[in-house]
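Remarks on the structure that follows.
Bear in mind these aren't lab numbers, they're just calculated from the coordinates by the rules spelled out. Remember, it's a predicted structure, so these values are computed and weren't measured experimentally. Positions of Cβ are backbone-derived with ideal geometry, glycine not excepted, and every protein chain shown enters the neighbour counts.
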């Protein structure tokens, strides 16, 4: 049985040497001193691939309407407690432009699976494609689109309209747990959408939700599946019970598992983008996630745009904490700095060529 130091030396030498048993061991560390060794190794690996540069993503949740019934989500169709809005194209473009002016390197356009865009035939898809095109033209930035499951031909159109990324999360790769989370959404349909997006020339973001009763073996299985997908960005977020959902009364877990997973993801997939989301703990939890090896700050939101978060709908938005200037002191405290747009494109463009985009 290898000890912690030996596993970390192995991880820093070559991620391919990490076994499933090594991953389980790292995900079950209990002592703070041991976890700090894990985080130090993750930072060492991040620095080897990215230096001290962090990428910043602006977030525009442009519709909170959704046709789905996910048991964990505040915006599930049947939740009467959820605030609903659908931003006009003008409002979306204005918010995206404000984010671009603030210094982000990407605009993340996210929505629930809104029937206005997805269940209105060609007209709905035209609206979605047109929105991506407007944001891309106005900001000049790469665009990530998170519309849920859409047909392959729509994915191709989104790429042609200027999208660089497609975000679509399984949340878990253990089928029995998936079926409890994403009701009436076939696992394979969601998975195949990611594969179709890759074929269409889009980079992929895959995500994992933790604190849902998953085992360590479930997490290792998910890490391996995510690795096999070849997603250029991989993320994890802690489940936060939401008002008006079937899981509202679930016990809220701590954030340790999410932070440990960020570090293990960094060791296993050293050259991938790994976000530290402001949507879970807000600004107060950013330093821990950066110190665990994250190299993207996501969910930066303009304070006056009337936009919501996902896991925490209002956390740190009104007081301008979730802005480029708001996180600057945290980056500085970690010895990190925001990358330039050119540096982000230097990372992104070779991967776009790998996927046949450029």
When the chain is modelled as a GNM with alpha-carbon springs shorter than 10 Å, which of 260, 279, 34 fluctuates the most? 34
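Between residue 243 and residue 71, what is the FRET efficiency for a Förster distance of 22 Å, r being their Cβ-Cβ separation, to the nearest 0.05?
0.95
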Relative to the longest principal axis of the C-alpha atoms of the chain, give the angle of the C-alpha long axis of helix 324-333, reported between 0 and 90° and rounded to the nearest 10°. 0
Computed Kirkwood radius, in angstrom, where 1/r is averaged over Cα pairs of the chain: 20.5
Where does helix 341-354 land angle-wise versus the long Cα axis of the chain, in degrees 0 to 90, nearest 10? 90
Could you work out how far helix 256-268 tilts from the main Cα principal axis of the chain, as a 0 to 90 degree angle to the nearest 10? 80
The range 136-201-the range 1-34 distance, computed between alpha-carbon centres (Å): 32
proj_area_mean for the range 62-155 (convex hull on C-alpha atoms), units nm², value 6.5
Inter-label distance for residue 49 and residue 183, nm, one decimal - labels placed 7 Å from Cα along Cα-to-Cβ: 3.8
Which value in deg cm²/dmol, rounded to the nearest 500, describes the helix-derived mean residue ellipticity at 222 nm for the chain, given -39,500 (n - 2.57) per DSSP H run of n ≥ 4 and division by the residue count? -14000 deg cm²/dmol
One-quarter of the Cα convex hull surface for the range 247-321, in nm²? 5.8
For the chain, modelled as a GNM with alpha-carbon contacts under 10 angstrom, which of 306, 112, 254 fluctuates the most? 254
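Return a whole-number percent for the relative contact order of the range 34-354, with Cα pairs under 8 Å and 6 or more residues apart as the contact set.
After rounding, I find 23 percent.
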For the chain, with a Gaussian network of springs between Cα atoms less than 10 Å apart, report the residue from 139, 304, 236 with the top mean-square fluctuation. 304
What Kirkwood hydrodynamic radius do you get for the range 1-60 when you take the inverse of the mean 1/r over all pairs of distinct Cα atoms, in Å? 12.9
One would report the Cα pair-distance distribution of the range 51-208, bin width 10 Å, in %, as 11, 39, 37, 12, 1
Computed on Cα atoms, the radius of gyration and Dmax of the range 18-99 in angstrom are 20.7, 51
Restricting to Cα pairs under 8 Å and 6 or more apart, the percent relative contact order of the range 95-253 works out to 18
Quick calc: nm separation of the 7 Å Cα→Cβ label points for residue 325 and residue 16 -> 4.8
Of all C-alpha pairs within the range 187-341, those more than 23 angstrom apart amount in percent to 43
